[in-house]
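The values are calculated or read from the model by the stated rules, or taken from the named source; none is laboratory data. Just so it is clear, the structure is predicted and the values come from calculations on it, not from any experiment. Reconstructed Cβ throughout: ideal geometry from the backbone, glycine too, with neighbour counts over all protein chains shown.
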Amino acid sequence: MPHRGQDAVIPPIPTCARLPRPVYPRMFDIPGGHPIALHSHPWVQFTYARSGLMQVLTEDHSYLVPPQCALWVPPGLAHTASSEGTLEFRSLYLDASILDGFQRPCAVLQVTPLLRELMERAAGFAPDYPEDGVEARLLRVLVDEIRALPEAPFKLPLPTDPRLRRITDSLRADPGDGRGIEAWAQEVGATRRTLARLFQAQTRLSFSEWRQRLRLLAALPRLAEGVSVTALAGELGYDSTSAFIALFQRHYGCTPGAWAKRLGGAA
């Protein structure tokens, strides 16, 4: 996740021990190119970016949050975030009391049209909205909707072994690097069998599956920047444009050109 040297920022986070209400709506913008510094919350954070492509990094996963998706961050999970363009955030902080025991790991979630409208409405609520008023009832519906959201395919597991992390950090910086696992084994001083075993154990993916998922995630911000599908296929190390399009469509359910239009880039 390149930060290009800009100063990291932390969005305004309540310093109180308890939220003023069980569901606390927030609305703020983060300028493009300014990473959000490592931080955590004592409550669930549900963040929906109205615009922009948000990249989030935790100790063991990398997440990409495109428009029409949101991120669920459980309490206490340290994370950083960045974006090339300005992010317009709509966030909810959720106290455990409103979740009735519901828990889930950090995940990118597919946002429904109903949830988008509810988030826009909630963004205008005062922090001390009446707990017996229409605001509280609407937010209860919003929480129920959030709990039912399906997960979207925009996360990449990160290994903890230093040798694997050296490989994955290098590939995240250059997804088009075509070196196979044998070459990487020689690079980091391990056997091919050891690397293959560790990749499967720590990411639940083979090396080739992990790199394929990385490339498909790396394609999204480049499409948003307006890079052509043909140029991007070569940049990411695919043998042909048609192979890239086929894999992209199989993973995301649409073509790279359709995604480019959704993200505001030129197909």
The one condition in (1) within 20 Å of the chain's Cα centre (by Cα); (2) under 30 Å from SER208 (Cβ atoms); (3) part of a loop (DSSP other than H, G, I, E, B) that LEU71 fails to fulfil:
(3)
Residues located in the stretch 168-184, provided they are under 22 Å from the mean Cα position of the chain (by Cα), assigned to a loop (DSSP other than H, G, I, E, B) and in contact (Cβ under 8 Å) with a residue 40 or more places away in the chain:
PRO175, GLY176
Quick check on the stretch 185-207: of everything there that is closer than 16 Å to SER170 by Cβ and either charged (D, E, K, R) or without any contact (Cβ under 8 Å) to a residue 24 or more places away in the chain (or both), which residue is surrounded by the most Cβ atoms within 10 Å (Cβ to Cβ)?
ALA185
Cβ pairs under 7 Å, 6+ apart or interchain, first in the stretch 132-155 and exposed (fewer than 14 other Cβ atoms within 10 Å of the Cβ), second part of a helix (DSSP H, G or I) and among the small types (Gly, Ala, Ser), ordered by first then second residue, are none
On the basis of being more than 21 Å from the chain's Cα centre (by Cα) and assigned to a helix (DSSP H, G or I), does ARG163 make the cut?
yes
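Take the conditions among the aliphatic types (A, V, I, L, M), under 23 Å from LEU171 (Cβ atoms), without any contact (Cβ under 8 Å) to a residue 40 or more places away in the chain and touching a Phe, Trp or Tyr at 6+ places or on another chain (Cβ under 6 Å) and apply them to ALA243. Does it pass? Give the steps one after another, and end with the answer.
Numbers: among the aliphatic types (A, V, I, L, M): yes; under 23 Å from LEU171 (Cβ atoms): yes; without any contact (Cβ under 8 Å) to a residue 40 or more places away in the chain: yes; touching a Phe, Trp or Tyr at 6+ places or on another chain (Cβ under 6 Å): no.
When the stated conditions are applied, ALA243 does not pass them.
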Among the residues that make up the stretch 53-63, is at least one of them among the acidic types (Asp, Glu), over 15 Å from VAL143 (Cβ atoms) and modelled with pLDDT of 90 or more?
yes
Among (1) modelled with pLDDT under 90; (2) not in a loop (DSSP other than H, G, I, E, B) - the single one THR80 does not satisfy:
(1)
State the number of residues belonging to the stretch 142-201 that are closer than 30 Å to ASP100 by Cβ and in contact with a His (Cβ under 8 Å, 6 or more places away or on another chain).
3
In the stretch 214-238, the residues that are assigned to a loop (DSSP other than H, G, I, E, B), within 15 Å of ASP177 (Cβ to Cβ) and either without any contact (Cβ under 8 Å) to a residue 60 or more places away in the chain or among the small types (Gly, Ala, Ser) (or both):
GLY237, TYR238
Which of the residues that make up the stretch 89-108 are part of a strand (DSSP E or B), without any contact (Cβ under 8 Å) to a residue 60 or more places away in the chain and not β-branched (Val, Ile, Thr)?
ALA107
